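What follows is calculated from the coordinates using simple rules that are stated; it is not laboratory data. Remember, predicted model here, so these are calculated numbers, not experimental data. Positions of Cβ are generated from backbone atoms using ideal geometry, with glycine treated the same way; all protein chains shown enter the neighbour counts.
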Amino acid sequence: MHVVLDIIVLLGKLIFFYFEALFRKIVPPSKKSVRGKVVVITGGAGGLGRCLALKFAGLGAKVAVWDINKSLNENTAMNISSLGGKAKAIVCDVTDRQSVRNAASLTRSELGEVDIIVNNAGIMPCRRLLDLSEEEIKRTININTTSHFWTVREFLPHMLAQNEGHIVTVASMASKAGIPLLTDYCASKHGAYGFAEAVKAEMHMLGSKNIHNTTICPMQINTNLVTCLGDRIDYRNR
């Protein structure tokens with residue numbers, strides 16, 4: 001009897017989500033304007049971060065491009081400026097608390113208080129668990145997960161004071177499952193997803209309904225992080 005009820009509930013949910021998706025297809029939600037907003041994007045020098053920086057700037061936002069790679073970071077900002085947008089390239093090691101503080105201070109002085117955070121910086125070593133060094137494991141966790149604590153803690157007080165803001169977490173489908181050769185990456189993305197969900201719940205508890213949270217879980221994106229996987233995986237040891 002319980003099995004039958006479970007199946008009925010599951011079918012009911014599937015039908016509901018199907019019609020909800022169909023409704024959203026016909027009547028899409030209104031788009032949020034980011035014109036004039038200050039957006040921080042970590043890992044903005046290349047890949048998805050660069051694409052997001054260009055897109056936000058194209059929509060009229062003022063973009064702070066944070067990355068540890070100075071030359072590529074400046075290239076992203078210059079591209080935005082050449083297209084008529086406003087951007088500031090800021091060198092930042094997101095694993096270093098003081099570096100994040102310094103980058104946040106420079107962002108405020110150059111662009112103003114931050115309205116949107118996009119936690120995008122990430123790495124993916126692609127090695128067997130027993131082949132990973134302690135430093136590699138720590139680095140993956142620090143960049144992909146712990147850095148989110150530092151960026152959000154830096155800008156959340158102002159968002160709470162204004163009761164307005166948006167925190168975007170670039171997680172991964174690897175936050176939903178385990179994948180061989182990606183033990184550190186999967187663990188870090190599970191952590192990023194859990195962090196985002198907990199922040200969302202905390203904002204709800206505090207009644208801060210205008211501080212929004214968006215978590216993105218892509219499967220694969222055609223960036224250097226994915227396209228060079230073959231060069232980093234030793235298939236002989238699989």
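On the basis of the beta-carbon distance and an R0 of 41 Å, LYS13 and ASN163 show a calculated FRET efficiency of 0.80. Out of LEU54, LEU129, GLY44, whose Cα points farthest toward the positive end of the dipole of the chain (charges: +1 Lys, Arg; -1 Asp, Glu; placed on Cβ)? Going by the charge dipole, the pick is LEU54. Mind checking the log10 I(q)/I(0) for the chain at q = 0.18 Å⁻¹? Debye, one equal scatterer per Cα, no solvent, two decimals. Values returned for q = 0.18 Å⁻¹ are -1.38.
Converting phi to 3J(HN,Hα) with the Karplus coefficients 6.51, -1.76 and 1.60 and the offset θ = phi - 60°, the stretch 140-155 yields 4, 5, 5, 6, 7, 10, 4, 4, 5, 4, 5, 5, 5, 4, 6, 10 Hz in sequence order, with x at every glycine or proline.
Measuring nothing but how far apart in sequence close Cα pairs (under 8 Å, 6+ apart) lie, relative to its length, the chain scores a relative contact order of 16 percent.
If you take every residue apart from VAL65 with its C-beta less than 14 Å away from the C-beta of VAL65, what net charge results, scoring Lys and Arg +1 and Asp and Glu -1?
Working: positive: ARG50, LYS55, LYS62, LYS70, LYS86, LYS88; negative: ASP67, GLU74, GLU110.
Around VAL65, the surrounding residues sum to +3.
Neighbours of MET219 by Cβ distance under 14 Å: Lys/Arg scored +1, Asp/Glu scored -1, total +2. Cross-link list LYS62/LYS138; LYS138/LYS189; LYS55/LYS86: which exceed 21 angstrom alpha carbon to alpha carbon? Listed pairs above 21 Å: LYS62/LYS138.
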